[in-house]
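Worksheet for the structure shown next.
The values are calculated or read from the model by the stated rules, or taken from the named source; none is laboratory data. All values derive from a computational prediction rather than experimental measurement. Glycine gets a Cβ as well: all are built from the backbone with ideal geometry, and neighbour counts include every protein chain shown.
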Ligand SMILES: Nc1ncnc2c1ncn2[C@@H]1O[C@H](COP(=O)(O)OP(=O)(O)OP(=O)(O)O)[C@@H](O)[C@H]1O
């Protein structure tokens, strides 16, 4: 049965599997996942209609599939664009800049915690955060501690909402993040923490929260809020989670 398989076939299968896995990582945690489920169900019906030789249904589903494919490209144009951008981005772009960004971010968190300035900062990983960035004010600024502090300063025009960071760039401020539905686990926390939890649940972003009330620094990841961190611990966690891998 396996006599006709040559190394090229194995390579072919491995490449397809890798492409599917990368595609999954890209959409996991975004609204595209639900659509992907819908597409799979649709494909299952289509296959079943073909196997059962239900020709009218098969024809109809085939036509709908073609139109649907175009519709998906239109609906997910932002995600597709972000995916292509990511593909074209060199892996080790600005390794030095990554560690500089990490220092600036940690310094800003430390100072804001000392002064009890509330802050909410989402750090993008694989899942594109473009749709959340567009809910706020788009920026494209070099990440620096004074800039972050200025953004979150009380009465500053963009202090309300979250900031989105991509590597060493601040891409948007005053963004609206999805609130996590309260199941009682984080009853003690208000909307800033629930917005961090919500975004980290729907995407793979790491979300940094500085509490205005407590002056604490915490990270939300995968829908869970981590413990209070010292600035050294924050630096280590961010190095582990973001800056070592991606920049
Ligand atoms: N959906 C949201 N997306 C982004 N930011 C939000 C959202 N909802 C609230 N915020 C931010 O959270 C602030 C209110 O925080 P609130 O005091 O309710 O939360 P908290 O979790 O108790 O935080 P803190 O400990 O800092 O007081 C708002 O002023 C706004 O900046």
Can you say whether residue 199 is within 12 Å of the ligand (Cβ to nearest atom), at pLDDT below 95, in the same structural domain as residue 115 (by TED's automatic domain parsing) and under 18 Å from residue 151 (Cβ atoms), as far as the supplied structure shows?
yes
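Can you confirm whether region 208-222 contains a residue that is over 24 Å from residue 153 (Cα atoms) and surrounded by fewer than 21 Cβ atoms within 10 Å (Cβ to Cβ)?
Residues of region 208-222 that are over 24 Å from residue 153 (Cα atoms), as a first pass: 221-222.
Filter once more, keeping what is surrounded by fewer than 21 Cβ atoms within 10 Å (Cβ to Cβ): 221-222.
Checked region 208-222: at least one residue is over 24 Å from residue 153 (Cα atoms) and surrounded by fewer than 21 Cβ atoms within 10 Å (Cβ to Cβ).
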I want to confirm something. Restricting to region 117-134 and keeping residues that are modelled with pLDDT of 95 or more and assigned to a loop (DSSP other than H, G, I, E, B), which single residue is nearest to the ligand (Cβ to nearest atom)?
118
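Kindly establish whether residue 225 is within 13 Å of the ligand (Cβ to nearest atom) and closer than 17 Å to residue 126 by Cα.
Values: within 13 Å of the ligand (Cβ to nearest atom): yes; closer than 17 Å to residue 126 by Cα: no.
No.
Just to be sure, is residue 139 more than 10 Å from the ligand (Cβ to nearest atom), outside any strand (DSSP E or B) and touching a strand residue (DSSP E or B) at 6+ places or on another chain (Cβ under 8 Å)? Steps first, answer last, please.
Working: more than 10 Å from the ligand (Cβ to nearest atom): yes; outside any strand (DSSP E or B): no; touching a strand residue (DSSP E or B) at 6+ places or on another chain (Cβ under 8 Å): yes.
The answer is no for residue 139.
Looking at 231, 206, 210, can you tell me which residue is over 16 Å from the mean Cα position of the chain (by Cα) and more than 15 Å from the ligand (Cβ to nearest atom)?
Working: 206 fails: over 16 Å from the mean Cα position of the chain (by Cα); 210 fails: more than 15 Å from the ligand (Cβ to nearest atom).
Of the residues listed, the single one that is over 16 Å from the mean Cα position of the chain (by Cα) and more than 15 Å from the ligand (Cβ to nearest atom) is 231.
Are any residues in region 171-186 away from the ligand (no atom under 11 Å from the Cβ) and either surrounded by fewer than 21 Cβ atoms within 10 Å (Cβ to Cβ) or more than 23 Å from residue 242 (Cα to Cα) (or both), and if so, which ones?
In the first step, residues of region 171-186 are kept if they are away from the ligand (no atom under 11 Å from the Cβ); the result is 171-172, 181-185.
Passing the criteria: 181, 182, 183, 184, 185.
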Return only the number of the condition from (1) crowded, with 18+ Cβ neighbours inside 10 Å; (2) within 20 Å of residue 111 (Cα to Cα); (3) in contact with a strand residue (DSSP E or B) (Cβ under 7 Å, 6 or more places away or on another chain) that residue 228 does not satisfy.
(1)
Residue pairs meeting the criteria (Cβ under 6 Å; at least 6 apart or on separate chains; first in contact (Cβ under 8 Å) with a residue 60 or more places away in the chain, in region 13-26; second surrounded by 10 or more Cβ atoms within 10 Å (Cβ to Cβ))
25/126; 26/83
